[in-house]
1. Rounded to whole Å, give me the distance from the Cα center of region B:432-481 to that of region A:4-37.
2. Which order do the peptides A:86-93, B:401-408, B:335-342, A:3-10 take when ranked by the mean count of other beta-carbon atoms within 10 Å per residue, highest first?
3. What is the mean number of Cβ atoms from other protein chains located within 10 Å of the Cβ atom of each residue in peptide B:307-314, rounded to a whole number?
4. Please figure out what share of the DSSP beta bridges in the protein assembly as shown is antiparallel and state it in percent, rounded to the nearest 5.
5. Order of B:486-499, B:211-224, B:50-63 by packing, highest average Cβ count within 10 Å first?
6. Between residue B:517 and residue A:123, what is the FRET efficiency for a Förster distance of 41 Å, r being their Cβ-Cβ separation, to the nearest 0.05?
7. Rounded to the nearest 500, what is the 222 nm mean residue ellipticity of chain A from helices alone, with -39500 (n - 2.57) per DSSP H run of 4+ residues and division by all residues?
8. With N set to the number of residues, divide the alpha-carbon radius of gyration of region B:287-416 by 2.2 N^0.38 Å and report two decimals.
């Protein structure tokens, strides 16, 4: 159940409600949880907290999630974090670009919590 | 236009005999027939009644089933022969030609074989040629008419007198400057001086004045310079010969001079016309729609032609209907037919063209290399004298107008396609905006509830966490609701389905209601309300105003940092009442101030916290304007954005206290 023990998770999303439920649910699963509302804060936390998993929203107020994706991956070159993209954009083009730039999973909003858990679990093991 | 019998007529008054012969022949044989009428441009100078008679004749012929060929040519004989040759060359099965033989061929008849004989000689073998003798004669324009005499004014007589006087002066000077013997030898120089005077008069004043000068000169020469001087000498043969030679020379020179002058005038006219053609492009350069251009052209071309003109824009490719300009134009049936033919066959039709009899309009198609716009028409007055330049001018003008129309329509099409592009962009923006705004709160709701569901089952949530998740879901659901309400309101307002119930209202009422509804949203915010309206009643729709207030307050919450206060003032001033809602956020960039009320305008396009932005303020604008008020936004001098909802105060002075007092 606590498959996220010893794992650090960073959520970058500007919607406070999303961050709230991610915080509650992922902390219960044993994760060390950090959250950011902007791309800039998110990149800072990537460098300082070296997360294992990054949950990334694309529609960020200061910069598009797709733009910072390669930098998130590069923040820890030896062991890049697993990036799960969460977005309302469900077009094929966005999905392709996200995958190209290193996204490990792509979930379109709205999604159920169990879907997210399954995706992260698969990628971690 | 196949026909078997061809009747050739000109302006002869007995032409009806020929037409009757053609009709009889057509009835006998049951063959089709055609009447060829060559109208000479100068024919209509003298008598309009004769032209009308010809038109009636042609009308009758057409009623009897004849085809009509109505041409405008200066030389009727040549034109007739050309037409017949064209018929045979074009494989026309002309079996019978009926032509008139004028009884008074006069001098021309001696020099040149009459037309009827030429036709009989050339085509007698291939067709049966019937020659009908015609009595009377074609009324030709007189010599005076052909000479294009100008109007006769007092200058017509004063100028020659002055010229002759100058010639006398010059002659006297010549006489005084040389010895008598030599002068007598050079007597003929005097004649040349007077001749020169005549030419000058001809060039300046036209033919009539020149003729006056010629006669005057010959008299003066005879009286003053032919020996014996100071006496009229017409006694001897020599004198008469001298006078005659001088007169002939002077008249010839005068007529030539008059012609030069007339053709110079013609050239000036042509130059004016070509300048007018050039002007069409210049005048319409600023017109940005077809109607504007046509209005200008109508004015200018009416002046150029000195006639009524009209533009007929084809509505469809069949030419079944035309948009007329000026709009009130009504065409007689025959002209209407000519217009349709002009469109269908893409050539000039109507007055003075083939088959153009009975028409009073002349039409010329307005076409460019790849577009057909319709026709340009001129209403030719009955007395109008056709000249060969007319057809050229018509064609030139029609081409220019078509080019102008093409330029304008091309420009409009370009801006229209840009408009479509914009609209398409707006539509896709709306779609992505709506889907984003619907899905973001839904994602929070589904996420929170699914966590609640799966973890509560495992009994791992603390009551505190469970409450947070429930609250989050609830707030987001409310946000979703208000967003959907906004979309529906906007749709209803735009389609005019909203009815406003406007009545006198204490402005604090809707505000209080909204604050209650927005309690969760305003959590952690200080809302400072100051009512400076002194209990004034305001005419408003309470429910709709509440929605405006909610949207504006919601906007203030979204765009200012957490825990900063929101100030709301209710202000009554002379003639109006205002709600002023101010936040303590960063304010609105100056360049975006006037765009915040645009539909779907998002100051921050990827800001998912602010579901429903754009629509909310657009709705606020529509609602306020529907209530006779307005909403504006400014940046407060001390920071933050301030929205002002303005209501007019019609009667202005009633207070809620007075009102309740008066109506217990």
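1. Each part's Cα centre sits 14 Å from the other's.
2. Details: A:86-93: 16.2, B:401-408: 20.5, B:335-342: 22.0, A:3-10: 17.8.
Sorting A:86-93, B:401-408, B:335-342, A:3-10 by mean packing, highest first, produces B:335-342, B:401-408, A:3-10, A:86-93.
3. On the way: counts 0, 0, 0, 0, 0, 0, 0, 0.
Shielding by partners across B:307-314 averages 0.
4. Of those bridges, close to 50 percent are antiparallel.
5. Values: B:486-499: 14.4, B:211-224: 20.6, B:50-63: 16.9.
So the peptides B:486-499, B:211-224, B:50-63, ranked by packing, come out B:211-224, B:50-63, B:486-499.
6. Working from the Cβ atoms, E equals 0.40.
7. -13500 deg cm²/dmol
8. 1.00
Every number here is computed from the coordinates shown, using simple stated rules; none is lab data. The structure displayed is predicted, hence computed values, not measured ones. Methodologically, a virtual Cβ is constructed for each residue, glycine included, from the backbone with ideal geometry; neighbour enumeration extends over all protein chains shown.
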